[in-house]
Amino acid sequence: MTALVPSAPITQDVLTIPRKLPEGGPVNIVGLTRDQLRDALVEAGTPEKQAKMRVGQVWQWIYHWGVRDFGQMTNLAKDYRALLAERFEIALPEVVTRQVSADGTRKYLLRIAGGHEVEAVYIPEENRGTLCISSQVGCTLTCSFCHTGTQKLVRNLTPAEIVGQVLVARDDLEEWPIPGAPKDETRLVSNVVLMGMGEPLYNFDNVRDAMKVVMDNEGLSLSRRRITLSTSGVVPEIARTAEEIGCLLAVSFHATTDEVRDRLVPINKRWNIKTLLDALREYPRLSNSERITFEYVMLDGVNDSDADARRLVKLIQGIPAKINLIPFNEWPGAPYKRSSWERIEAFADIVHKAGYASPIRTPRGEDIMAACGQLKSATERGRKSKAQIAAEAQG
Ligand code: SAH
Ligand code: SF4
């Protein structure tokens, strides 16, 4: 068995923390679905008959107006506001640092319960902006080119912590409507991608609940077509993603033979290229969405030949797809090099000529280590050594 093959099967054994604070403590409203919020309000003494209306009011204050204080919820009676303040809280992850790149990209290091840290990255573009959020602390998977994969410590983020990343970014960008002011249609956070730390489909329920909150059209109101979930290929959860979330799907494909994909994306040993493609073929129909994004990291001499490009287009034949070529982002101790620009362009050309859009993702925020695959909390301790990473990459 090579060093890259984990001796134990890939599992999703991760710590989960209870959604509620210890008995008697306030319950965080952020991240609760409408049904959960309703139940919580009733449990706190809200009359059943009023519950639906109260949910709507509280929801709008938090997710439409960005209010963080029950005292400001002026359409609720004073004693009801006091009751809410006693029983609930509106808690967001704590911003430890905020770095702004020369290109405007913002990286937030956030502290969550248990002292863990995760990162979220905001990428401004003309007339829009994409927020890249995390779904886990670290990742149980060990893709050999990914910095997050070298982080040992893992726990699932709660829905509050996932939704909280969106709220933190909107707070920082001051993107909340001003009562009475004309509506500004250009959104700063117009898109959300689950492409930060972690494998979202190994935290399915929390990611789904969080996205329901983010998509709700009386609040943050991001349509399901403005949310892209990226998976390394957790095949059994792909159909559920279509049915229960309905967002756009991106898949970390990265190789055109099982031999190479086993090495780059070890989950391939569990669900190989064929099994993955079968699940992907069903996705557009099940989710009623358009194209699937195939992410393909360009690693010098590993997966970037003309033959790879030709195999790729053959494999995905019949799937409505866009191929996103990602120049490898280096990180300290990384065992790979980025393919040359000529190579990336030649690869893109073959894919393009076969009829697929093949954008090359411009690395953003590299100066602050905010680019794809560079995310990893700086204070995290249990990391692998350079030697270990290099040994694993050689397989
Ligand atoms: N776990 C999920 C989502 C997070 S990774 C997944 O793997 O899809 C988001 C994207 O960044 C994935 O396509 C991943 O393969 C890619 N990525 C990881 N490390 C990278 C690196 N060093 N350079 C470029 N892309 C990288
Ligand atoms: Fe995890 Fe995705 Fe990184 Fe692989 S690429 S280690 S699945 S975060």
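Among L173, L280, L153, the largest mean-square fluctuation in a Gaussian network model of the chain (Cα springs under 10 Å) belongs to L173. Rounded to the nearest 20, the Cβ-based charge dipole of the chain about its Cα centre (Lys and Arg +1, Asp and Glu -1) stands at 380 debye. Per-residue ellipticity at 222 nm, computed for the chain from helices alone with -39500 (n - 2.57) per DSSP H run of at least four residues, works out to -8500 deg cm²/dmol. Placing pseudo-labels 7 Å out from each Cα toward the beta carbon at E175 and K52 gives an inter-label distance of 3.2 nm.
Would you kindly state the longest site-free stretch of the chain, with sites defined as trypsin sites (Lys or Arg not before Pro) in a DSSP loop (not H, G, I, E, B) surrounded by at most 12 other Cβ atoms within 10 Å?
That would be 184-380.
Quote to one decimal, in nm, the extra length available between R111 and V95 on full extension: 0.36 nm per residue of separation minus the C-alpha distance between them.
Length gained, R111 through V95: 5.1 nm.
In this structure region 95-207 gives 36 Å² per residue of accessible area when probed at 1.4 Å with all protein chains present.
For region 95-183, with all protein chains in place and a probe radius of 1.4 Å, 53% of the accessible heavy-atom surface sits on carbon or sulfur.
Which of the GluC sites (Glu not before Pro) across region 34-139 are loop residues per DSSP, with 14 or fewer other Cβ within 10 Å?
Here the GluC sites (Glu not before Pro) that fit, given the DSSP loop and packing criteria, are E126.
Here are some pairs, K314/K337; K107/K337; K314/K353; which of them have Cα atoms lying more than 19 Å apart in this structure?
Listed pairs above 19 Å: K314/K337; K107/K337.
Here region 27-89 is treated with +1 on each Lys and Arg Cβ and -1 on each Asp and Glu Cβ, and its dipole about the Cα centre works out to around 220 debye. Relative intensity of region 27-89 on a log10 scale, I(q)/I(0) at q = 0.15, 0.20, 0.26 Å⁻¹, equals -0.37, -0.69, -1.30, per a Debye sum over C-alpha point scatterers of equal strength in the absence of solvent.
Evaluate E = 1/(1 + (r/R0)^6) for E43 and K314, where r is the Cβ-Cβ distance and R0 equals 56 Å; express this FRET efficiency to the nearest 0.05.
Efficiency at R0 = 56 Å is approximately 0.50.
Note on E345 and A357: the extension gain reaches 3.0 nm, defined as 0.36 nm multiplied by sequence separation minus the Cα-Cα distance. How big is the Kirkwood radius of region 228-272, worked out from every pair of different alpha carbons and given in Å to one decimal? Radius from the Kirkwood sum: 11.1 Å. Listed by chain and number, the aspartates and glutamates whose alpha-carbon sits under 18 Å from that of K52, ignoring those within fewer than 8 places in the same chain, are D35, D39, E43, D216, E218. The Cα atoms of the chain give a gyration tensor whose axes a ≥ b ≥ c have a/c of 1.5 or more with a/b greater than b/c, which makes the shape prolate.
The values are calculated or read from the model by the stated rules, or taken from the named source; none is laboratory data. No experiment lies behind these values; they were computed from the predicted model shown. Every residue, glycine as well, gets a Cβ built from its backbone with ideal geometry; the counts of neighbours run over all protein chains shown. We work out accessible area using only protein heavy atoms, side chains counted, and drop any ligands, DNA or RNA first. Shrake-Rupley method; radii C 1.70, N 1.55, O 1.52, S 1.80 Å.
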